[in-house]
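Here's the structure, in structure tokens; my notes come after.
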Amino acid sequence: MQVQIAIGDNHRFELREALLVYYGNQTTFITKHEVTTPQNAAPILGPAQPLTVAFVESLVRSLGGGAAAEVFPENILAKSDRMIAWWTPSQRRQMFYQHSEGKAADLNGRTFPQPPLVWRVADGQLKIRALTQNKRPEANTKLAVAPYWNLSDSGTSAQDRCGGQRTHQSRRYPTGSADSTRVPLPMPMLVALRATRVASRGFGAA
């Protein structure tokens, strides 16, 4: 039995190795096996081998497709394949209330001062924290709770999955200006700015 894949005229793949993933007791480990394919028989897995750093790095490079280097805007704090974090300085921005009634309706479309903010999108989920100083945060900068109604204690926005926009897939990175930020701003408090309490856990769970 031969196991092989042909893609087009110039690419032909043969089964040479296999990875087995084991789960149990909240622990996961992976073993690598060489594969032999006898004629007219099912493939046979060889003895388990531990993964090496060189193999994992080679696998990551292969899956990444040799992505080109990128130059990020100054306000980008961190980025990985499934996460991007950036900050925006204190500024005044036009705000809108969804399903607003009464006094809140009078605030629709008005401009409010916003504190400096740290934004993070990971796996399509938006989290927001505030900064106590209007400058680019460092790795050890303590974050504060942003003064918005629709944020949980962990900073997660109630607009799940960023309002349906897969921001981390976009190649246009946020620059901090009102026009370029694709992630919708959350609804502000009636008092636009209140003293924010320090949340030393940052983006961690509440």
### Task
Scan the stretch 130-150 and report the pairs whose first residue is closer than 14 Å to residue 85 by Cβ and assigned by TED's automatic domain parsing to the domain that holds residue 104 and whose second residue is of a type in the set (Phe, Trp, Tyr) and at pLDDT below 95, with Cβ atoms within less than 8 Å and a gap of 6+ or a chain change.
143/203
### Query
Hey, does the stretch 77-89 have a residue that's closer than 22 Å to residue 121 by Cα, free of Cβ contacts under 8 Å to residues at least 40 places away in the same chain and not in a strand (DSSP E or B)?
yes
### Message
Please determine whether any residue of the stretch 101-111 is in contact (Cβ under 8 Å) with a residue 60 or more places away in the chain, closer than 16 Å to residue 158 by Cα, assigned by TED's automatic domain parsing to the domain that holds residue 146 and hydrophobic (A, V, I, L, M, F, W, C).
### Response
no
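Report, by residue number, each residue of the stretch 80-94 that is over 18 Å from residue 130 (Cβ atoms) and either within 8 Å of the chain's Cα centre (by Cα) or surrounded by 15 or more Cβ atoms within 10 Å (Cβ to Cβ) (or both). If you could, list the steps in order and put the result at the bottom.
Residues of the stretch 80-94 over 18 Å from residue 130 (Cβ atoms): 80-84, 94.
Answer for the stretch 80-94, where residues must be over 18 Å from residue 130 (Cβ atoms) and either within 8 Å of the chain's Cα centre (by Cα) or surrounded by 15 or more Cβ atoms within 10 Å (Cβ to Cβ) (or both): 80, 81, 82, 83, 84.
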### Query
So which residues in the stretch 23-50 are part of a loop (DSSP other than H, G, I, E, B) and either touching a Leu at 6+ places or on another chain (Cβ under 6 Å) or in contact (Cβ under 8 Å) with a residue 24 or more places away in the chain (or both), if there are any at all?
37, 38, 39, 40, 41, 42, 43
#### Entry: Where residue 175 falls short, out of the listed (1) modelled with pLDDT of 65 or more; (2) under 17 Å from residue 89 (Cα atoms)
(1)
### Query
Across the stretch 131-169, what is the total count of residues that are at pLDDT below 90, assigned to a loop (DSSP other than H, G, I, E, B) and more than 13 Å from residue 120 (Cα to Cα)?
9
### Message
Step by step: first the residues of the stretch 113-135, then only those that are more than 13 Å from residue 88 (Cβ to Cβ) and in contact with a Lys or Arg (Cβ under 7 Å, 6 or more places away or on another chain), then the one that is surrounded by the fewest Cβ atoms within 10 Å (Cβ to Cβ). Which residue is that?
### Response
123
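The values are calculated or read from the model by the stated rules, or taken from the named source; none is laboratory data. These numbers come from a predicted model, not from an experiment. Note that we place each Cβ from the backbone using ideal geometry, even for glycine, and neighbour counts take in every protein chain shown.
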